[in-house]
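Remarks on the structure that follows.
The values are calculated or read from the model by the stated rules, or taken from the named source; none is laboratory data. What you are looking at is a predicted structure, and each value in this text was computed from that prediction instead of being measured. Quick reminder, even Gly has a Cβ in these numbers, built from the backbone with ideal geometry, and neighbours come from all protein chains shown. All accessible areas refer to the heavy atoms of the entire protein, side chains included, with ligands and DNA or RNA removed. Shrake-Rupley method; radii C 1.70, N 1.55, O 1.52, S 1.80 Å.
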Amino acid sequence: MKLENKSIVVTGASAGMGKSIVELFVKEGANVVAVARRAERLAALKESLKDAPGKLVVFTGDVSKKEDNEAMIDLAVSEFGRLDVLINNAGVMDDMAAMADVTDEKYDYVMGINVYGPLCSMRKACQVFLAQGNGGNIITVSSVGSMHQAAGAVYCASKAAVNAYSRHIAFTYMKEGIRSNIIAPGGISTEIGTAMGMPNMDGFARVRPVQALAPAPGEASDIANAALFLASDDSAYVNGVVLPVDGGWTAF
């Protein structure tokens with residue numbers, strides 16, 4: 001088992017990529033704090049993994065809130081004695097609006113979850129890693145939208161921001177052994193698109209040429225497998241990398 005006894009926090013864990021990451025990691029022996037807003041889904045996930053080698057603890061919380069980000073990491077330390085890996089996976093789409101149609105309300109909503117939340121969790125994780133004194137590992141699930149105009153202005157900006165956070169951590173804390181890497185999914189079969197609601201049709205039309213180049217959608221398990229590599233010792237010398245998992249979309 002590649003993650004035996006590692007203490008790991010995963011956000012956005014109740015569905016899609018986050019759920020797939022939790023399932024794979026607990027089966028690989030990790031002790032995981034699974035974080036999401038939907039308590040009933042977390043309960044079902046916990047029940048489904050009750051016989052897995054690793055231990056699963058669930059935390060119902062909102063990653064746009066500083067106190068929840070700090071509490072989920074404190075929970076990992078109190079339950080498992082330490083923190084080894086933080087996976088920032090929770091995220092939301094915007095409404096595909098181009099800049100002229102961006103609203104303050106949508107900006108606040110997307111940036112709160114996609115940017116402020118990771119800032120809070122990364123800050124807390126780095127504090128814990130530095131106190132532990134033997135390194136740490138942060139994996140951020142970003143998007144091809146951080147470098148490929150595949151969505152609205154706010155979403156693309158939010159993912160570029162977390163890429164910058166992640167690479168900054170990789171550079172500034174490399175001597176302390178803290179690694180920070182980024183997974184940039186392309187089109188993955190999850191709920192995020194349907195949860196978006198009705199898109200801004202003008203903005204959607206403007207990015208449609210990029211969307212048309214997308215290969216067939218990938219699966220949540222593709223992201224989980226990439227996360228497993230980055231969370232394990234197999235990637236011990238990998239730091240500050242943006243790893244596209246997009247079927248070649250960003251090769252265009």
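Key figures
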| quantity | calculated |
| --- | --- |
| Proximal lysines to K27, defined as alpha-carbon separation beneath 20 angstrom and excluding residues fewer than eight positions away on the same chain | K2, K6, K19, K46, K50, K55 |
| Packing-based ranking, highest mean first, of 217-230, 147-160 given that Cβ atoms within 10 Å are counted | 147-160, 217-230 |
| Residues of the range 72-149: accessible area per residue with a 1.4 Å probe, Å² | 38 Å² |
| Sorted peptide list for 88-97, 131-140, criterion being average Cβ within 10 angstrom, highest first | 88-97, 131-140 |
| Total formal charge among the other residues, if their Cβ is under 11 angstrom from that of Y109, Lys/Arg +1 and Asp/Glu -1 | -4 |
| Taking the convex hull of Cα positions in the range 148-230, its mean projected area over all directions (nm²) | 6.5 nm² |
| Relative contact order [Cα under 8 Å, 6+ residues apart], the chain, whole percent | 20 percent |
| Cut-off 15 Å between beta-carbons: net charge of the residues surrounding S20, Lys and Arg +1, Asp and Glu -1 | -2 |
| Sulfur and carbon atoms: percent of accessible area, the range 93-174 [1.4 Å] | 59 percent |
| Accessible surface of the range 209-252, 1.4 Å probe, proportion on carbon and sulfur as whole % | 61 percent |
| Average Cα contact separation per residue, the range 59-186, under 8 Å, 6 or more apart, as relative contact order % | 29 percent |
| Projected label distance in nm at Y109 and T172, using a 7 Å step from Cα toward the beta-carbon | 3.1 nm |
| Those lysines that a straight Cα-Cα span of less than 20 Å connects to K66, excepting residues fewer than 8 apart in one chain | K106, K124, K159 |
| Virtual spin-label span in nm between E47 and T250, 7 Å along Cα→Cβ | 3.9 nm |
| The chain shape via C-alpha gyration tensor axes, a/c threshold 1.5 | prolate |
| Linear extension gain, N5 paired with A71, 0.36 nm per residue minus alpha-carbon span | 21.7 nm |
| Exposure ranking of R206, R167, R41 by accessible area [1.4 Å probe, largest first] | R206, R167, R41 |
